[in-house]
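Report on one structure; see the data block that follows.
The values are calculated or read from the model by the stated rules, or taken from the named source; none is laboratory data. Keep in mind it's a predicted model, so treat the numbers as computed, not measured. Cβ sites come from the backbone with ideal geometry, for glycine too, and all protein chains shown count toward neighbours.
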Amino acid sequence: MAEATQLAGAPSAGAPVGADAPPDSAQVGLWRAAWRAIRSSWAGRLSLLALIVVVGSSLAAPLWANHVAHTGPFSNHLSDQIRLHGQLTDVVSFDGVPIGPTFQGRFFLGADGNGRDIMVRLLYGGRNSLQISLVATILTLGLGTLLGLVAGFFRGWVDSVISRFLDIVQSTPIILLGIALGVATALGGVNLGIVKFAGDSLMIPALIIGFIQMVYVARPIRGIVLGLRERPFVEAARSQGATSARIIRREILPNLGTSLLVLAPIIFAQTVSYEAALSFLGAGVQAPNASWGKIISEGLDVLISAPHLTVIPGAVLAVTVLSLNLLGDVVREAIDPRGTVLAAQKDER
Amino acid sequence: MIGFIIRRLGSMVLVLFAVSVLIFVIFNVIPSNDPAVRMAGKNPTPTQIEAIRRDWGFDKPVTTQYVRMIEKTFNGELISYSNRQNVTERIKEGLPRTLSLTFFSSLFMLLGGILLGMLGALKPNSKSDRAVNAFAVTGISLPVFWTGSLASYYLGSKAGVIPAGGYVEISEGGVLQWFWHLLAPSIVISLLFIGIYSRVVRGDLLDALRADYVRTAEAKGLSRRRVVVRHALRNALIPMITLWGLDVAITLGGGAVLTETVFDLDGVGAYLAESVQTLDVPPVLAITMFGAIAVVVMNALVDILYAYLDPRIRL
């Protein structure tokens with residue numbers, strides 16, 4: 001698209017043009033510019049803090065389970081009793097109402113309908129959600145960059161094939177595509193030839209979400225590469241006899257840094273949302289594994305007697321996605337103030 | 001113009017074919033176990049599996065399997081193996097509900113997106129602009145199934161301010177009750193899209209307000225309102241309307257799975273969610289196809305409409 005030629009502000013530090021470019025804000029380096037922006041705004045600081053707390057506590061799940069709660073995410077305590085304020089209390093009462101938050105080691109946030117410790121499940125669920133989202137985000141960025149780069153750089157029939165393929169993938173509503181893939185693979189698993197995943201593997205939702213979102217990266221990257229390949233420094237390299245592979249590696253890829261850094265937090269946020277939605281519906285993480293979406297859907301069954309089972313995991317999920325989106329905004333404003341990357345994404349949609 | 005319409009419809013047919021192949025690949029090629037076993041749902045008998053295998057042609061070549069799938073999906077005889085219901089009938093039953101939800105939610109997201117986007121663009125970096133921005137980020141970030149279920153429980157069941165869920169037909173309860181039951185779910189869906197649209201509109205309107213034709217309009221002495229509404233906004237809305245058209249198609253095609261489920265609307269999306277619970281393949285297949293058709297057809301319609309409005313596109 002023509003818009004991609006407006007990329008004048010895009011060259012990043014470390015790019016081949018860096019040597020003779022005038023010293024400007026781009027010179028401090030992408031990561032440092034992003035870091036400065038995060039540090040200097042309260043939204044950036046707050047969301048970074050929230051993410052550190054969420055990620056840190058999810059990583060610490062086994063510590064909490066083994067040393068504080070002394071129970072695992074799958075252990076049922078349906079017929080157990082615990083001592084609360086000096087009295088023995090049923091974990092799950094006769095009429096099936098689970099215990100509420102005790103704010104002590106075990107059942108810190110109460111139990112679910114199966115007598116499982118909600119705090120422990122939430123921590124392990126967060127671990128699964130984040131793990132799936134991380135793999136899916138890397139996959140989306142990798143696949144999207146590869147397709148967009150190849151299509152934009154080689155143009156011609158290669159571009160036609162890739163763009164039509166993306167059109168087709170995008171023709172199915174993304175949530176329906178995710179559900180279809182989730183249902184198709186939940187029982188049988190996936191066989192990719194080199195690797196095989198069982199139906200309850202956490203890798204399956206990661207693969208699905210990584211695949212369905214790739215369009216959102218491939219399209220803007222294609223547009224930006226189309227613009228980059230016409231720039232003088234690419235022509236200079238070509239006139240010196242550089243091969244396509246070398247031009248891609250040395251001239252194009254370093255200039256995609258800004259775009260990828262702008263896209264990464266937004267894609268991560270969307271990934272967390274899709275993972276939660278798919279798991280909520282039953283097309284993502286399969287039982288007995290936990291994830292935020294799965295815990296919320298289990299919580300909804302006992303919403304009336306135990307609303308905290310829905311409220312708390314949903315709040316953690318919402319805070320995580322919100323923080324990622326805010327972080328994305330802050331970073332975008334700092335390193336892509338003209339909104340070139342998102343404009344490229346919008347044009348292509 | 002007629003030539004453009006024919007070309008556009010031709011490519012629409014091609015895309016529809018390609019999408020059906022994609023869906024075929026998803027359900028019949030990707031899974032590594034026997035598709036007949038999966039199709040049969042939970043706890044099938046060997047005779048059932050054998051019947052499904054013959055019926056769907058799973059023992060035949062891939063091309064035959066594809067043709068069988070298309071025939072089955074479109075001849076209205078697709079049957080769920082989990083509960084023996086006719087899939088097409090169920091989708092038809094759910095359609096008026098989904099249609100009603102789509103009607104109100106698309107209206108809300110359109111109006112909300114335009115209004116908030118204008119609010120932001122007319123006074124950039126002001127307090128109201130920042131408030132709109134904060135609202136947009138929150139709308140994009142909140143999980144609809146969570147906000148929806150909490151709204152339905154706390155505002156509906158507990159406080160009784162809104163209906164907790166369910167759908168009332170116009171013939172049963174009148175237009176007012178029909179609207180009243182769709183209000184909360186429509187708002188919940190719109191929040192997300194208002195967030196997206198308000199940002200798109202804000203950006204495009206800011207660009208438009210800097211354009212030459214706006215300066216010309218101002219120089220002619222037109223009122224501010226007329227310049228903004230008749231000149232700038234008209235042009236700035238085009239990208240948003242494209243997105244909107246797609247999102248309407250998606251909601252219509254069962255994409256409001258989460259909201260429909262949480263508010264118990266029992267439309268196409270809710271039927272999909274219900275089928276996922278039992279990993280019931282035939283409904284999931286049919287609804288995915290249905291959603292894809294809705295999007296592809298809507299895309300073609302939007303393109304044709306643009307070609308009519310803007311002759312340059314026809315070239």
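Observations on the structure shown:
- Total residues in the range B:34-62 satisfying the condition of being more than 25 Å from B:Ala292 (Cβ to Cβ), surrounded by 13 or more Cβ atoms within 10 Å (Cβ to Cβ) and within 14 Å of chain A (Cβ to nearest Cβ): the figure is 4.
- Checked against the criterion of being touching a residue at least 40 places away in the same chain (Cβ under 8 Å) and charged (D, E, K, R), the range B:95-111 has at least one qualifying residue.
- Subset of the range A:286-310 (residues that are hydrophobic (A, V, I, L, M, F, W, C), surrounded by fewer than 24 Cβ atoms within 10 Å (Cβ to Cβ) and either at pLDDT 90 or above or not in a helix (DSSP H, G or I) (or both)): A:Ala287, A:Val302, A:Leu303, A:Ile304, A:Ala306
Yes or no, residue by residue, for (1) aliphatic (A, V, I, L, M); (2) closer than 30 Å to A:Arg338 by Cβ:
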residue: B:Gly174; (1), (2): no, no
residue: B:Ile194; (1), (2): yes, yes
residue: B:Gly221; (1), (2): no, no
residue: B:Val229; (1), (2): yes, yes
residue: B:Trp244; (1), (2): no, yes
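- Candidate set from the range A:184-198 (those that are assigned to a loop (DSSP other than H, G, I, E, B) and more than 7 Å from chain B (Cβ to nearest Cβ)); member that is farthest from A:Val225 (Cα to Cα): A:Ala198
- B:Val13, sole failed condition from (1) within 14 Å of chain A (Cβ to nearest Cβ); (2) under 30 Å from B:Ala300 (Cβ atoms); (3) surrounded by 13 or more Cβ atoms within 10 Å (Cβ to Cβ): (3)
- Taken residue by residue, the range B:17-32 has at least one member that is surrounded by 14 or more Cβ atoms within 10 Å (Cβ to Cβ), under 30 Å from B:Ile196 (Cα atoms), free of Cβ contacts under 8 Å to residues at least 60 places away in the same chain and in contact with an Asp or Glu (Cβ under 9 Å, 6 or more places away or on another chain).
- Pick from the range B:288-303, criterion hydrophobic (A, V, I, L, M, F, W, C) and at the interface with another protein chain (Cβ under 7 Å from one of its Cβ atoms), ranking: nearest to B:Ala36 (Cα to Cα): B:Ala292
- One residue stands out among those in the range A:266-285 that are in a loop (DSSP other than H, G, I, E, B) and touching a Gly at 6+ places or on another chain (Cβ under 7 Å): the one that is farthest from the other protein chains (Cβ to nearest Cβ), which is A:Gly284.
- Any hit, the range B:31-46, residues being assigned to a helix (DSSP H, G or I), among the basic types (Lys, Arg) and modelled with pLDDT of 80 or more: no
- Tally, over the range B:127-159, of residues that are over 21 Å from the mean Cα position of the chain (by Cα) and not basic (Lys, Arg): 16
Yes/no per residue for (1) within 14 Å of chain B (Cβ to nearest Cβ); (2) assigned to a loop (DSSP other than H, G, I, E, B):
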| site | (1), (2) |
| --- | --- |
| A:Leu177 | yes, no |
| A:Gly182 | yes, no |
| A:Gly210 | no, no |
| A:Gly227 | no, no |
| A:Phe233 | no, no |
| A:Gly241 | no, yes |
| A:Arg249 | no, no |
